[in-house]
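In what follows, a single structure is set out as structure tokens and then discussed.
Derivation of every value follows stated rules applied to the coordinates shown; laboratory data play no part. Computed from a predicted model, the values in this text were never measured in an experiment. All Cβ positions, even for glycine, are placed from backbone atoms using ideal geometry, and neighbour counts span all protein chains on display.
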Amino acid sequence: MVRPDYSGGGFLNLIASIAEACGVSPRHPPLAALAPAELAEAANVVLLILDGLGDRYLQAREPRGALGRSRRDVISAVFPSTTAAAITTSYTGYAPIEHGLTGWFTYFGEAGCVAAPLPGRTRGEDLPLASRGVALGRLFIAPPLLDALAWRPIVVTYAPIADSAYNRHHCGRAERRAYEDRAGLVAQIEAAVKSGTDRKFVYAYWPQFDTLAHRHGVASAEALAEFAAIDAAFGELLARLAGSDTIVVATADHGFLDSGSAESLALEDGPGLSALLRFPLCGERRMAFCHVQPGREREFAARAHDWLGDKAEVRASRELAEDGWFGSGVPHPRLAERIGDVALVMNERYTVRDWTPGEKHHVHIGNHGGPSDEEMLVPLVVAKA
């Protein structure tokens, strides 16, 4: 297991360095490998998050490419190693323990359902989360970091998600610029940087590597072709920004590993486990949170341990929080509710899943959310243009 680093060597600390450089007192220590003073010397800072691009993958595939040549260090992801937790950290400067989004699926007691907060859809029914009659401000309590920056904030993101409820809330007052493809990503970042003489922080996000790695596997030809294309796009971006006094920082929210069909476990095969749950599994397939019927927690944990053996660590969810896996700070008021009672932290390449009525059955080849080095270690790429 790779423990997340929140003290100066992780993704959270990178956001703290950016915040301090842009005039905000950060909630957490800055990144040791990228001091705020270095960023503050530039007229513009671009943060490019390449969803799913782990450091192990980058170094193994093309260490001499545009990204590899500018790789400065390796940093840890937040935990769980997943987009919902990391992107919320990047938008707020809060650790997962503080912002309370700890997986693709989360139980929201305020809405009385399990939902995916990023697309804002309920699990199973696939209805808008807003249809539950709960204001987003009750679910997402961490304020947008972009609202506090002294520099002008601009968000460059994929068109299908640019105006999502999640994005609108977390981008705050920042200008949002949408793109359709890699060429659009590069063009919109360039346009944002060159859109005035004021100091700018440009937050950019690219999701397609993650999409292909889930579908085909991170070791697939499809993922490799996507990596080669985004590596070339990064080189083009640096060329187009040359002379603009911009520091471009590229990193990822998490890495990936591939799981075979024999490593994809169904909760229904665990004797008596599904019957002991109050809600469907939350979190991720590599790091599942289980909400157990009151008084049955020990029974559930014992049954899960007997079934999984060395395929998983069966932990009380509160122990993970107390042990610092979700970071430090004042816990979200509903953290205990959101992380459930028992956590299944999957070992090796194993995953665990369940299905709800109406839910499309699918099994990802590429997975993340767990504590392996492939998932937890992401690159720190720093280039001056």
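The GluC sites (Glu not before Pro) of the stretch 331-385 include none that DSSP puts in a loop with a beta carbon having at most 10 other beta carbons within 10 Å. For His362, His305, His332, His216, the sequence from fewest to most other C-beta atoms within 10 Å is His362, His305, His216, His332. Ranking Ser244, His332, Tyr107 by how far each Cα lies toward the positive end of the dipole of the chain (charges on Cβ) leaves Ser244 at the top.
Loop-located trypsin sites (Lys or Arg not before Pro) in the stretch 260-360 (DSSP state other than H, G, I, E, B) with a sparse environment of at most 15 neighbouring Cβ atoms within 10 Å: Arg278, Lys360. Evaluated on the stretch 1-130, the Kirkwood hydrodynamic radius is 16.3 Å, with distances taken between all distinct Cα atoms. Scan the stretch 59-89 for trypsin sites (Lys or Arg not before Pro) in coil per DSSP, keeping those whose Cβ has at most 10 other Cβ atoms within 10 Å, and list them by number. Those that pass, being in a loop and sparsely packed, are Arg64. The H on the amide N of Phe105, modeled in the peptide plane, is under 5 Å from the matching H of Gly283, each at least 5 residues off or on a different chain. Remark: spin-label model distance Ser25-Asp306 equals 5.5 nm, labels positioned 7 Å along the Cα→Cβ axis. So for the stretch 103-171, considering every pair of alpha-carbon atoms, how many percent are separated by more than 16 Å? In whole percent, the share of Cα-Cα pairs in the stretch 103-171 beyond 16 Å is 51. Between Ala150 and Ser7, the C-beta separation translates, for a Förster distance of 35 Å, into a calculated FRET efficiency of about 0.85. Residues whose amide H falls under 5 Å from that of Glu175, counting only those 5 or more places apart or on a different chain, are Val155, with hydrogens built in the peptide plane. In the chain, a dipole from Cβ-located charges (positive for Lys and Arg, negative for Asp and Glu) runs towards its positive end, and of Ala21, Leu344, Gly358 it is Ala21 whose Cα lies farthest in that direction.
If I stretch the segment between Glu222 and Ala37 completely, what's the gain in nm (0.36 nm per residue apart, minus their alpha carbon distance), one decimal?
Value of the extension gain: 62.7 nm.
Restricting attention to the chain, close to 55% of DSSP beta bridges with both partner residues there are antiparallel.
So between Arg278 and Glu236, what do we pick up on full extension, going 0.36 nm a residue minus the alpha carbon distance?
Numbers: separation 42, 0.36 × 42 = 15.12 nm, distance 5.06 nm.
Value of the extension gain: 10.1 nm.
Return the long-range amide H neighbours of Ala316 (sequence gap of 5 or more, or a different chain), with a cut-off of under 5 Å between placed amide H atoms. Sorted by chain and number, the residues that satisfy this are Ala343. Applying the Karplus relation 6.51 cos²θ - 1.76 cosθ + 1.60 with θ = phi - 60° to the stretch 105-121 yields 3J(HN,Hα) values of 9, 9, 7, 9, x, 4, 9, x, 7, 8, 8, 9, x, 5, x, x, 10 Hz, where x marks Gly and Pro.
Give me the compactness ratio for the stretch 252-385, meaning the Cα radius of gyration over 2.2 N^0.38 Å.
1.13
A simple rule links phi to the HN-Hα coupling: the Karplus curve 6.51 cos²θ - 1.76 cosθ + 1.60 with θ = phi - 60°, which for the stretch 49-63 gives 9, 9, 4, x, 7, x, 5, 4, 5, 4, 5, 6, 8, 8, x Hz, with x for Gly and Pro.
Looking at the square roots a ≥ b ≥ c of the eigenvalues of the Cα gyration tensor of the stretch 286-333, which shape do they give, rounded for a/c under 1.5, prolate if a/b is larger than b/c, or oblate?
Details: a/c = 2.82, a/b = 1.59, b/c = 1.77.
Oblate.
Using the Cβ-Cβ distance between Ala336 and Arg176 with R0 = 25 Å, the FRET efficiency computed as 1/(1 + (r/R0)^6) comes to roughly 0.15. Put in line by how crowded their Cβ is, counting other Cβ atoms within 10 Å and starting with the fewest, Met376, Met346 read Met346, Met376.
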